[in-house]
Amino acid sequence: MNQRLTPGTAALLIVPPLLWAGNAVVGRLVSGLVPPMTLNFIRWVLALLILLPLGWRVLRSSSSLWPAWRHFALLGLLGVGCYNSLQYLALKTSTALNVTLVASSIPVWMLLVGAVFFGQRIRRQQLGGAALSVAGVLVVLSRGDWTLLTQIRLVPGDFYVLLATLSWAFYNWMLSLAKAPDDIRSNWAALLIGQIVFGLFWSGLFAGAEWTLTPASISWGWPLITALLYIAVGPAVIAYRCWGLGVQRVGPAVAGFFSNLAPLFTALLSAAFLGEMPQLFHALAFMLIAGGIVLSSRQRKVRA
């Protein structure tokens, strides 16, 4: 049973969108230095090397990972292979504004996927929370001027973001409801290594197809190396650790609302790099998104 949202769990779920906001900025900056599928593959190779000292025993032949390979292969496909690859591909083929707009639908997809495929009931508080959360994202995107939203034009690349959000929704419900072996679930590094090992198979296939079908090339240098180290340590290892623990505590539906903090963090990071001060609409957006989180996480009172 999911626990009530506590300040500690909320802190855990705030860390990933902050790191993923940096991931979006960095991914956009290096989009001309490395192909998107290759970037995702290298990212998770580095993450695996970082985690091996903490959970290498999960790869032994006697490990319970291998009898549960179907579960981890699907988690690896959805969370490591598809979600991140499609994100980097979207950053290369679409505008940051469009990517953020489509990604803001994650809480809605979390609710729909849970209801249709996993038999979860959608409560009115969750629908209200989704509306508040999406409204907060729209405030960020419009910078407080709603007429700017009428200028947005969707392009084919935005379809990749939609596929990424669907993949993320299924990944989170499987992570929460599908049961991995107890000895692996008790070791967060082993749980993530199991996903990465199978995810590298998928992301390796995608990267191989990229080099076969497109004129792919890599421009090595300190900017790319620094970016790779950041996205491997922060958005991969630390963010997935915090997110996985948070999802296990409160469930995917509530956790999904925290993902909408990423556009706000992205706007603040961009403002910081450009030397601009935060605006009033940033505060309004934060209140709307936070209100959506609080409303969606409220539990119904049980009558005596």
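Values in this text are rule-based calculations from the coordinates and carry no lab data. Not measured: the values here are computed from a predicted model. Note that each Cβ is placed from the backbone with ideal geometry, even for glycine, and that neighbours are counted across all protein chains shown.
What is the spin-label model distance, in nm, from Ser63 to Ala216 if the labels are put 7 Å beyond Cα along the C-beta direction?
2.5 nm
For the pair Ala131 and Leu49, how long in nm is the line joining their label points, each one 7 Å along Cα→Cβ?
In this crude spin-label approximation the distance works out to 5.1 nm.
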